[in-house]
Amino acid sequence: MSNTSIDSLQHEERRFPPTASFSATAVATSALYDEAKADRLAFWARQSRDLLHWHKDFTQTLDWSNAPFARWFADGELNVAYNCLDRHVLAGNGDRIAIHWEGEPGDSRDISYAELTAEVKRAANLLTKLGIGKGDRVAIYLPMIPEAVVSMLAVARVGAVHSVIFGGFSAESLRSRIDDASAKLVITADGGWRKGRVSPLKPAVDGALAKEGDLSVEHVLVVKRCDNDVEWTEGRDLWWHEEIETVDAEHEAEAFEAEQPLFILYTSGTTGKPKGILHTTGGYLTQVAFTHKNVFDLHPETDVYWCTADVGWITGHSYVVYGPLANGATQVLYEGTPDTPHPGRWWEIIQKYGVTIFYTAPTAIRSFMKLGREIPDSFDLSSLRVLGSVGEPINPEAWVWYREVIGGGSTPIVDTWWQTETGAIMISALPGVTITKPGSAQVPVPGITIEVLDEAGTPVPAGGGGLLAVTEPWPSMLRGIWGDPERFKETYWDKFAAVLDKPVYFAGDGARLDEDGDIWLLGRVDDVMNVSGHRLSTAEIESALVSHPIVAESAVVGAADETTGQAVVAFVILRSEHVEHQTPDEASALLRIHVSEQIGAIARPREIFIVAELPKTRSGKIMRRLLQDVAEGRAIGDTTTLADTSVMQIISDKLSKG
Ligand code: WT7
């Protein structure tokens, strides 16, 4: 987003104060800010003890002596699955629905806390039977079916570490993630339902494991979801439904230390290799439970919560699995796409289950806006009382539409800023407390310290812009990058190390403060794109492109897109021997498929331009800014630092002709 548009955004005058009736029963109060300000660590210690069951209490809240490697509640012991399941049953809430599951074809299942607990116990016994124990890594590649949640919790229950891989990733991506974490077990399904069809999953797992050197994977556990045909490797592959019958129903949750790893989740960075973001248990669960309860005003006895994210992303980990279940919430889990079999499917689900709290992404809201309000207007959405947004900046028009059309003109909207690395929400309004402002994520949640800094590490004044930084450690912070402590330091902590005398976390986002001190997010400041709220790396897509034999060189940029926020646009130079044999259209069609195979359909470029040159500085750095001008159809900016200033003229002439 350019600075001019942000300037005009900040002249957004609309304000939405909480209503007196909402505030009267709100979970959050302004006292939380005062308590956290008075003693941040005491605040988190209290939250942790109030929100979680500790098998063994902790004596130290934070150990930051080996910064930036944090240890929270380190001598405490807990079991994450026990916190999400058993204790609710023991408290007499076993009959409460944990999950209203809705399959895309319309099949559905209501699962109570007692039933979910029973399923996870069996699955935990199955993992043990398959040799999975404390610290072992399990890759999970599943559609949005109850077994996805059951698998994650079962892994957590036995102290193992899950690495969930989004079902849209290709065999290649799956393989590199399985390898990086040396997973012993892969849990997958025959397929899942997507857009009215069976989308097979097992072939990608077979493909990922087909190549040599897969010593780490011992078994593949396969859930039967769609009954589509699958290839079978005897001895390695096992059916979930058969195996689960062979194990005991009882399982006692063992307590693990608070810094026991819980999961690895891969996310794109500025290099070609995705980073395995590592999260642990005690601090993570504390902050996801705290934010889920306070940011969404959760009243677990009466609310029906729905977060539309896939469990393959951090939002699914924190706000489908761990936050809601730790809080004993009732939630909806939906397998399919928003427009199958009709464009009102989401609104129909809200009506069917009486959803009260709804959490989704701006890209979805914008695509519904395009379809028109008649669709949501034909459903009863009056149960909704809190709406959330996550993944990218939400433009004020979409924010206001969301509130008016989906929220009936009265629901508070919480725009939540956070990242895979932060584990939980960091910046957000609190419903019932904050006067909301369309387009701004506004304020750090209680217990979180965030500043907007200039390059010298100095906080910018009200009205100024700079880099978003987290200035104190927080409970759900990443504990590192799997197997790469140096990259962890370099990526997040080196930025301000030279200018500040304490460790400060660099988020990679640009931000501005308005006159009230509210935070406005401006998008990434690095070579990371945000497509439909999903993070993609320019370098990763570039290396996928150059891995194709016809490609000599490539440059990828994120171009503004009305619906997806940004879209992937690639510029490619073909190897000279291929230039004559391939028309640009053929080459770009071929390469779009190639990127899908290498990374996944989410990374497939919207457009690929076949060019003869790329704009480079004299030191050989590609000037993406200029390519972005071309991709967004703007006049080309300053070209004076180019090694060859005629290059951009040649590229834009060629493109306007083609
Ligand atoms: C990046 C993190 C956190 C779950 C989804 C994405 C952008 C996220 C917002 C927001 C403006 C946002 C940032 C951030 N982002 N939420 N409310 N307003 N930007 O997780 O894949 O780790 O991506 O998403 O650029 O750095 P992720």
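The values are calculated or read from the model by the stated rules, or taken from the named source; none is laboratory data. Being a predicted model, the structure only gives us computed values, none of them experimental. Heads up, the Cβs are rebuilt from the backbone with ideal geometry, glycines too, and the neighbour counts pull from every protein chain shown.
Of the residues making up segment 432-455, those that are more than 15 Å from the ligand (Cβ to nearest atom) and either of a type outside the set (Asp, Glu) or buried (at least 24 other Cβ atoms within 10 Å of the Cβ) (or both) number 7.
Scanning segment 165-208 for residues that are more than 15 Å from Ile140 (Cβ to Cβ) and of a type in the set (A, V, I, L, M, F, W, C) turns up Ala171, Trp193, Val198. The number of residues in segment 542-567 that are within 15 Å of the ligand (Cβ to nearest atom) and crowded, with 20+ Cβ neighbours inside 10 Å comes to 4.
Is it the case that Ile357 is away from the ligand (no atom under 16 Å from the Cβ), under 30 Å from Phe263 (Cβ atoms) and in contact with a strand residue (DSSP E or B) (Cβ under 6 Å, 6 or more places away or on another chain)? Yes. Checking each residue in segment 546-573 for being charged (D, E, K, R) and closer than 17 Å to Pro584 by Cβ picks out only Glu553. The set of residues from segment 53-63 being part of a loop (DSSP other than H, G, I, E, B) and touching an Asp or Glu at 6+ places or on another chain (Cβ under 9 Å) comprises His53, Trp54, His55, Asp57, Phe58, Thr59, Gln60. Just one of (1) assigned to a strand (DSSP E or B); (2) over 30 Å from Glu102 (Cβ atoms); (3) not hydroxyl-bearing (Ser, Thr, Tyr) fails for Glu259. It is (1). Just one of the numbered conditions (1) part of a helix (DSSP H, G or I); (2) out of contact with any Cys (no Cβ under 7 Å at 6 or more places or on another chain) is not true of Leu153: (2).
Residues that are away from the ligand (no atom under 11 Å from the Cβ), crowded, with 24+ Cβ neighbours inside 10 Å and without any contact (Cβ under 8 Å) to a residue 40 or more places away in the chain do occur in segment 396-407.
Flag set for Leu221, criterion: closer than 24 Å to Ile111 by Cβ, outside the structural domain of Pro362 (by TED's automatic domain parsing) and among the hydrophobic types (A, V, I, L, M, F, W, C). Of the residues that make up segment 168-182, is at least one touching a residue at least 40 places away in the same chain (Cβ under 8 Å), of a type in the set (Ser, Thr, Tyr) and under 27 Å from Asn327 (Cβ atoms)? Within segment 168-182, not a single residue is touching a residue at least 40 places away in the same chain (Cβ under 8 Å), of a type in the set (Ser, Thr, Tyr) and under 27 Å from Asn327 (Cβ atoms). Of all the criteria given as (1) surrounded by fewer than 16 Cβ atoms within 10 Å (Cβ to Cβ); (2) modelled with pLDDT of 95 or more; (3) not aromatic (Phe, Trp, Tyr), the one not satisfied by Gly463 is (2). Right, Leu500: among the hydrophobic types (A, V, I, L, M, F, W, C) and either away from the ligand (no atom under 12 Å from the Cβ) or assigned to a helix (DSSP H, G or I) (or both) or not? Judged against the criteria, Leu500 is a match. Of all residues in segment 631-658, those that are surrounded by 18 or more Cβ atoms within 10 Å (Cβ to Cβ) and without any contact (Cβ under 8 Å) to a residue 40 or more places away in the chain total 2.
Determine, yes or no, whether Val89 is β-branched (Val, Ile, Thr) and more than 29 Å from Ala429 (Cα to Cα). So Val89 fits the description; yes. Filter segment 102-149 for residues that are part of a helix (DSSP H, G or I) and either of a type in the set (Val, Ile, Thr) or free of Cβ contacts under 8 Å to residues at least 24 places away in the same chain (or both); which is nearest to Trp313 (Cα to Cα)? The selected residue is Val149. Number of residues in segment 290-305 that are away from the ligand (no atom under 16 Å from the Cβ), under 20 Å from the mean Cα position of the chain (by Cα) and not in a helix (DSSP H, G or I) equals 1. With respect to being more than 15 Å from the chain's Cα centre (by Cα), buried (at least 21 other Cβ atoms within 10 Å of the Cβ) and either more than 16 Å from the ligand (Cβ to nearest atom) or basic (Lys, Arg) (or both), Leu371 falls outside the description. Considering Gly312, Gly328, Gly323, the condition of being within 23 Å of the chain's Cα centre (by Cα), within 19 Å of Gly167 (Cα to Cα) and not hydroxyl-bearing (Ser, Thr, Tyr) is satisfied by Gly312 alone.
Identification of strands (runs of 3 or more DSSP E) wholly contained in segment 166-225 with 2 or more residues that are β-branched (Val, Ile, Thr) yields 185-189, 219-223. Scanning segment 517-533 for residues that are more than 7 Å from the ligand (Cβ to nearest atom) and in a strand (DSSP E or B), we see that the one that is nearest to Thr360 (Cα to Cα) is Val531. Annotation: Ile97 fulfils all but one of (1) within 22 Å of His292 (Cα to Cα); (2) touching a His at 6+ places or on another chain (Cβ under 7 Å); the unmet one is (2).
Do we find that Ser383 is out of contact with any His (no Cβ under 7 Å at 6 or more places or on another chain), more than 16 Å from the ligand (Cβ to nearest atom) and polar (S, T, N, Q) in this structure? Considered against the rule, which asks whether it is out of contact with any His (no Cβ under 7 Å at 6 or more places or on another chain), more than 16 Å from the ligand (Cβ to nearest atom) and polar (S, T, N, Q), Ser383 comes out as yes.
Here Val320 meets each of (1) among the aliphatic types (A, V, I, L, M); (2) within 13 Å of the ligand (Cβ to nearest atom); (3) assigned to a loop (DSSP other than H, G, I, E, B) with one exception, condition (3).
Per-residue answers, yes or no, for (1) at pLDDT 95 or above; (2) outside the structural domain of Thr270 (by TED's automatic domain parsing); (3) of a type in the set (Val, Ile, Thr):
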site	(1), (2), (3)
Leu536	no, yes, no
Glu540	no, yes, no
Ser543	no, yes, no
Val546	no, yes, yes
Ala560	no, yes, no
Gly565	no, yes, no
Val568	yes, yes, yes
Val579	no, yes, yes
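For segment 206-226, the criterion of being in contact with a Pro (Cβ under 7 Å, 6 or more places away or on another chain) and in contact (Cβ under 8 Å) with a residue 40 or more places away in the chain is satisfied by at least one residue.
On the stretch given as segment 408-431, residues that are within 14 Å of the ligand (Cβ to nearest atom), outside any strand (DSSP E or B) and not hydroxyl-bearing (Ser, Thr, Tyr) total 8.
Quick check on Thr363: is it away from the ligand (no atom under 16 Å from the Cβ) and touching a residue at least 40 places away in the same chain (Cβ under 8 Å)? No: the conditions fail for Thr363. State yes or no: is Glu243 over 29 Å from Pro473 (Cα atoms) and crowded, with 16+ Cβ neighbours inside 10 Å? It is true that Glu243 is over 29 Å from Pro473 (Cα atoms) and crowded, with 16+ Cβ neighbours inside 10 Å. Candidates in segment 498-513 are the residues that are charged (D, E, K, R) and surrounded by fewer than 20 Cβ atoms within 10 Å (Cβ to Cβ); of these, the one that is farthest from Asn66 (Cα to Cα) is Asp501.
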